[in-house]
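Asks: Just passing along the structure, written as structure tokens.
Just so it is clear, none of the values below were taken in a lab; they were calculated from the coordinates. Worth saying up front: this structure is predicted, and the values here are computed from it rather than measured. In this analysis, Cβ positions are derived from the backbone assuming ideal geometry, glycine residues included, and neighbour counts consider all displayed protein chains.
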Amino acid sequence: MNPVMEKIRTLMAEGKTDDQIVKELGLGSEKRPMPDDFPEYASTHTYYETRERYRCGSETMRRWKKQAGIEPNVKQTPTIPILMPQGYEAFSRANLQHVVCERFGLSTHYVRIFDRQLGIDRSPKASAKLKRASSPGQPPKKAQVLSIKPRNITEEMAAREAATYLQRYSSMIRCNAEGQPRPSGTHWLRGGRYVLTDAEVIERARGMRERAAA
């Protein structure tokens, strides 16, 4: 193998950027040309994502951005590993952030990203206005909490004991009625597929115990 190529492969394996490799090999001041797809990619990805894709240094990035007409130090919208849920925009524009998180099972991080893409205003002033519009004449939040019907504690304890038994055969986690994991949920998600009430969990555990004892 050519000694220069062998050295280049070694430096790339060490995670060196092109600028560092050129400097290491003493190849002079010859500048790497901007890739054809750089303007489009750099406009929609973060600084670090772009550097990782093209394996270039900060000096080369600045030069390419200037050549592509991309303003420096402009924070690009990062790519995200999930898609915007169906019906998200209409629901998000009409509800507060924590309600949106609960409805779609999203963290505030992703809600902020989706809202920024849609131009949804989440400033304190906008949130206060939305809160007043969504609950006109409603009593204070504490009064609402006091009116909530308490759970059947005996049944809940029995359900937790039954869920512990069922965990021998498949996963059991607390969730809401839609199957979204919630530590304080009123339902159980079994095996990542079946949404069960406390009573159904107790009944299934009883049936499996009877079959095991037969």
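Asks: Which of the aspartates and glutamates could a cross-linker bridge to Lys65, judged by Cα under 20 Å and excluding same-chain residues fewer than eight apart?
Replies: Qualifying aspartates and glutamates at Cα under 20 Å: Asp18, Asp19, Glu30, Asp36, Asp37, Glu40, Glu49, Glu52.
Asks: Quick check on packing: order 55-62, 31-38 by the mean number of other C-beta atoms within 10 Å, highest mean leading.
Replies: The densest-packed peptide leads the list: 55-62, 31-38.
Asks: I would also like to ask the following. Taking a cut-off of 15 Å between Cα atoms, list the aspartates and glutamates near Lys23, but don't count ones fewer than 8 places away on the same chain.
Replies: Counting by Cα, and skipping residues close in sequence, Lys23 has these aspartates and glutamates nearby: Glu14, Glu59.
Asks: Which whole-number percent gives the relative contact order of segment 153-213, counting Cα pairs below 8 Å spaced six or more residues apart? Numbers along the way, then the final one.
Replies: Details: 86 pairs, mean separation 17.6, N = 61.
Averaging sequence separation for qualifying contacts and normalising by length gives 29 percent for segment 153-213.
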